[in-house]
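The values are calculated or read from the model by the stated rules, or taken from the named source; none is laboratory data. Note that the structure is a prediction, hence the values are computed from the model and not measured. For neighbour counting, all protein chains shown are included, and Cβ atoms are generated from backbone atoms with ideal geometry for every residue, glycine included. SASA here: full protein model, heavy atoms, side chains in, ligands and nucleic acids out. Shrake-Rupley method; radii C 1.70, N 1.55, O 1.52, S 1.80 Å.
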Amino acid sequence: AIQEIKKDLKSVSKLNSNELNKSISIFHGLEKIKNQVQDSESNSEIFQGIGEEGKGFFYPPTVVVNPNEDSKLMQEETFGPIVCIMKVKDEEEALQITNEYAPEHLIIATENCDEFASRVTHAGSVFIGNFTPESAGDYASGTNHTLPTNGFATAYSGVSLDSFVKNITYQKISEKGI
């Protein structure tokens, strides 16, 4: 699988270099990504695609395999062409890590994806099955793209029509009930 990842990253070179150089749009974002990847260098396998770092605010597409759970890549929001692959011993461990991390977007592509999804308690938006890419949520399936980031899915939902509805709670206790 790692060899396939390396091959796929090399295919990025087929893109127009002007398109590649627009991958990161702000200086602060580029510096943060560099720092996150450097933090994982000593304990992870890192594979980078092709592209000229430093030309504009570009950072090459990067796959980080088995970063430490306490690394910056695993603890901070990452805005850029970075994918972390983490080996887990079983689906229970994957579910535990998922619910602790509370991802903004979660793609579940397992044999029992419906059952696994039913046990997710913290995620902004869940994409279930091999035919449900994140881009469908962005453009086609009607879901909202304003989702909680930085683990805030442990306490908040994405913006929806309910976000704009005023709710009032009512209580009435009888003499006997009090």
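Please enumerate the residues belonging to segment 150-166 that are of a type outside the set (D, E, K, R), open to solvent by 100 Å² or more (accessible area, probe 1.4 Å) and part of a helix (DSSP H, G or I).
PHE152, LEU161, PHE164
What is the one condition in (1) outside any helix (DSSP H, G or I); (2) open to solvent by less than 50 Å² (accessible area, probe 1.4 Å) that SER42 does not satisfy?
(2)
Any chance segment 122-137 includes a residue that's among the aromatic types (Phe, Trp, Tyr), part of a helix (DSSP H, G or I) and modelled with pLDDT of 80 or more?
No, because not a single residue in segment 122-137 is among the aromatic types (Phe, Trp, Tyr), part of a helix (DSSP H, G or I) and modelled with pLDDT of 80 or more.
Does GLY129 fit the bill of being over 29 Å from GLN48 (Cβ atoms) and touching a helix residue (DSSP H, G or I) at 6+ places or on another chain (Cβ under 7 Å)?
yes
For the subset of segment 138-149 comprising residues that are outside any helix (DSSP H, G or I) and not aliphatic (A, V, I, L, M), which member is surrounded by the fewest Cβ atoms within 10 Å (Cβ to Cβ)?
So the residue we want is GLY142.
Which of (1) touching a Gly at 6+ places or on another chain (Cβ under 6 Å); (2) at pLDDT 80 or above; (3) within 24 Å of GLU77 (Cβ to Cβ) is the odd one out, the single condition TYR101 does not satisfy?
All conditions are met except number (1).
For the structure I just gave you, tell me whether VAL83 is in contact with a strand residue (DSSP E or B) (Cβ under 9 Å, 6 or more places away or on another chain), buried (at least 20 other Cβ atoms within 10 Å of the Cβ) and either part of a strand (DSSP E or B) or at pLDDT 85 or above (or both).
No, not satisfied.
Just to be sure I understand the filter: pairs with C-beta atoms under 7 Å, separated by 6 or more residues or on different chains, first member in segment 155-178 and closer than 29 Å to VAL120 by Cα, second member open to solvent by 70 Å² or more (accessible area, probe 1.4 Å). Which pairs pass?
GLY158/THR146; VAL159/THR146
May I ask you to say which residue of THR132, THR98, THR78 is open to solvent by 30 Å² or more (accessible area, probe 1.4 Å), under 19 Å from VAL65 (Cα atoms) and of a type in the set (Ser, Thr, Tyr)? Write out each step before concluding.
Details: THR132 fails: under 19 Å from VAL65 (Cα atoms); THR98 fails: open to solvent by 30 Å² or more (accessible area, probe 1.4 Å).
Only one candidate qualifies: THR78.
Is there any pair linking a residue in segment 90-108 that is closer than 19 Å to THR146 by Cβ and free of Cβ contacts under 8 Å to residues at least 60 places away in the same chain to one that is of a type outside the set (Val, Ile, Thr) and in a loop (DSSP other than H, G, I, E, B), with Cβ under 6 Å and at least six apart or on different chains, and which?
Filtered contacts from segment 90-108: ALA102/HIS122; ALA102/GLY151; PRO103/ALA123; GLU104/GLY124; GLU104/LEU147; LEU106/ALA123.
What number of residues within segment 106-129 are surrounded by fewer than 16 Cβ atoms within 10 Å (Cβ to Cβ) and not β-branched (Val, Ile, Thr)?
First pass over segment 106-129, keeping only residues surrounded by fewer than 16 Cβ atoms within 10 Å (Cβ to Cβ): 109-112, 114-115, 118-119, 121, 129.
Now narrow it down to the ones that are not β-branched (Val, Ile, Thr): 109, 111-112, 114-115, 118-119, 129.
So the count comes out to 8.
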